1. Scan segment 78-122 for residues that are farther than 19 Å from T28 by Cβ and under 17 Å from the mean Cα position of the chain (by Cα) and report the count.
2. Scanning for something of a type in the set (A, V, I, L, M, F, W, C), over 26 Å from G69 (Cβ atoms) and touching a residue at least 40 places away in the same chain (Cβ under 8 Å), does segment 235-245 turn up at least one residue?
3. Collect the residues in segment 145-189 that are among the basic types (K, R) and modelled with pLDDT of 90 or more, keeping them in residue-number order.
4. Only residues that are open to solvent by less than 20 Å² (accessible area, probe 1.4 Å) and either within 15 Å of S219 (Cβ to Cβ) or not in a helix (DSSP H, G or I) (or both): list them for segment 26-44, please.
5. Taking only pairs six or more apart or across chains, which ones have beta-carbon atoms under 8 Å, a first residue in segment 55-82 that is under 17 Å from V222 (Cβ atoms), and a second residue that is in a loop (DSSP other than H, G, I, E, B) and among the β-branched types (V, I, T)?
6. Select from segment 190-233 the residues that are under 14 Å from the mean Cα position of the chain (by Cα) and either modelled with pLDDT of 95 or more or among the aliphatic types (A, V, I, L, M) (or both) and list them in ascending order.
Amino acid sequence: MAEKKSFINKILAYPGTAQLDLDDPQVTYRRRTIIKEKRFLHAIYQEWYRMQMDQLPELDGKILEIGSGAGFFTEVCAQSIASEIFYCPFVDAVLDGTKLPFPDETLRAIVMTDVFHHIPDVEKFLQEALRTLQSGGRIIMIEPWVSRWSRWVMDRFHSEPMDTEMKTWQFPSHGPLSSSNQALPWIVFERDRDLFEQKFTEIKLLALQPFMPFRYLLSGGVSMRSLAPAGCNAFLKSIEHCFDRKRWAMFALIVLEKTSR
């Protein structure tokens, strides 16, 4: 299976992305350019950001984006603070999501796109989010989601693991991007939801919306060539509505809210 995956990835690889060290900041810079270049992919990110903006709470305070890296959320939400775990010239802060440099109860929201499943200890992150968010503040994330379809796709086309059997919410970290488990959001908020609710009584799972069965795959993402033109986006989106999202989803919108004490 590994040899087959390698062959397919080589054939479909986006120019200039093969055999890159994912933890090299230059890869993040390159991906930022790719998202801008690929109109289909850029449109998908715009859609994700609109979904996140719609979930922002009506509060005063700072909006922190964690793992801003290759994205452009600040262009959609100018008042947000862009951050990354390593230095990038286009972010406002370098920080670790498990050690947030903000006073207690000062953040309006924490926004993340494809980041949660890279955090090696999400329990520490959730504790920090709980500390720094105001009452009514939210964590708003777009993350990979586990379905029969997504597992088939990830096993064949993606370098990151989707390990649904992981017993804990932690994994060893050997690099900010190369270390991950794409099943982690599903593990915490679906498989282990009862445990999550026991551990974090002050965090409410406000929304969990699986979506997007195949448009991201057809866009090629940040590492593969587009398999459809950007002009097909609206048509393909209408087709996606015909699919059972729980069975076919590749991503999920997850919204958590800090409740009043």
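1. So in segment 78-122, the residues farther than 19 Å from T28 by Cβ come out as 78-79, 98-110, 121-122.
Now drop any that are not under 17 Å from the mean Cα position of the chain (by Cα), which leaves 98, 109-110, 121-122.
Of the residues in that region, 5 qualify.
2. no
3. So the first thing to find is which residues in segment 145-189 are among the basic types (K, R), and the list is 148, 151, 156, 167.
Scanning segment 145-189 gives R148, R151, K167.
4. In the first step, residues of segment 26-44 are kept if they are open to solvent by less than 20 Å² (accessible area, probe 1.4 Å); the result is 27-28, 34-35, 38, 40-41, 44.
Once the filter is applied, which keeps residues that are open to solvent by less than 20 Å² (accessible area, probe 1.4 Å) and either within 15 Å of S219 (Cβ to Cβ) or not in a helix (DSSP H, G or I) (or both), segment 26-44 yields I34, I35, K38, F40, L41, I44.
5. Close Cβ pairs satisfying both conditions: G67/I85; G67/V115; S68/V91; G69/V91; A70/V222.
6. First, pick out the residues of segment 190-233 that are under 14 Å from the mean Cα position of the chain (by Cα): 208-212, 216, 221-222.
Those that are under 14 Å from the mean Cα position of the chain (by Cα) and either modelled with pLDDT of 95 or more or among the aliphatic types (A, V, I, L, M) (or both): L208, Q209, P210, F211, M212, Y216, V222.
The values are calculated or read from the model by the stated rules, or taken from the named source; none is laboratory data. These figures come from a predicted structure and were not determined experimentally. Virtual Cβ from ideal backbone geometry, glycine too; neighbours counted across all protein chains shown. Only protein heavy atoms, including side chains, enter the accessible area calculation; ligands, DNA and RNA are left aside. Shrake-Rupley method; radii C 1.70, N 1.55, O 1.52, S 1.80 Å.
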